[in-house]
Amino acid sequence: MKSLNRILAIAGLGLFGICASAGQAAAQTVAGGSFTLSHEIRWQNATLPAGDYTFSLNSVSVLKPIFIKGPNGSVFELAAVVSDRHIDGPSVLILEQRGGTFFVRELDLAKVDLEIQYTVPKTQRNEKVLAQGPASTERVLVAMANN
């Protein structure tokens, strides 16, 4: 009976070890890096002040958030669209400016050939009538971490 209990205990510990290592493998970062904002931006529902930021992405799924850490703490943002396509040039955060406010439209990660698009508020009809001009864009360089 003691030997059966010992075998079950060893098997249980082995199973626990396998499950624990599988969870760690699933949580590995797909991409990560840093960027610096020279002014305040809106990233979907979050407002990020100027400053230095780091980010990590644990999955390329639309349902998995990107984790962003900066001077005022951390936020999670869900992508609207994720696509894997070859990106020529550097990794960049593409901002769209409307009426003095900058919104994150896209994060292009060249190192892992990943384009992540985010929801930007639609232009209101009265804004089009006032002829404020088309939305302008700005590119913020992203330094990719070595994974």
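Each reported figure results from applying straightforward, stated rules to the coordinates on display, with no laboratory input. As the structure is a prediction and not an experimental result, all values here were calculated from the model. FYI the Cβ positions are ideal-geometry reconstructions off the backbone, even for glycines, and counts take in every protein chain you see.
Extending 7 Å from Cα along the Cβ direction at residue 56 and again at residue 36 yields two label points whose distance is 2.4 nm. A cut-off under 14 angstrom between Cβ atoms defines the neighbours of residue 81, and their net charge, with Lys, Arg +1 and Asp, Glu -1, is -2. Amide H contacts under 5 Å for residue 44: 104, restricted to partners 5 or more places along the chain or on a different chain, H placed in the peptide plane at 1.01 Å from N.
Of all aspartates and glutamates in the structure, those lying under 12 Å Cα to Cα from residue 64, and not within fewer than 8 positions of it along the same chain, are 77. Separation of the stretch 105-121 and the stretch 50-66, taken as the distance between their Cα centroids, equals 10 angstrom.
A cut-off under 14 angstrom between Cβ atoms defines the neighbours of residue 104, and their net charge, with Lys, Arg +1 and Asp, Glu -1, is -3.
Would the stretch 29-144 count as rounded, prolate or oblate if I go by the C-alpha gyration tensor, calling it rounded below 1.5 in a/c and otherwise prolate when a/b exceeds b/c, oblate otherwise? It is prolate, given that a/c is not under 1.5 and a/b is the larger ratio. Charges were assigned to the Cβ only: +1 to each Lys and Arg, -1 to each Asp and Glu. The resulting dipole of the stretch 29-144 about its Cα centre is roughly 320 debye.
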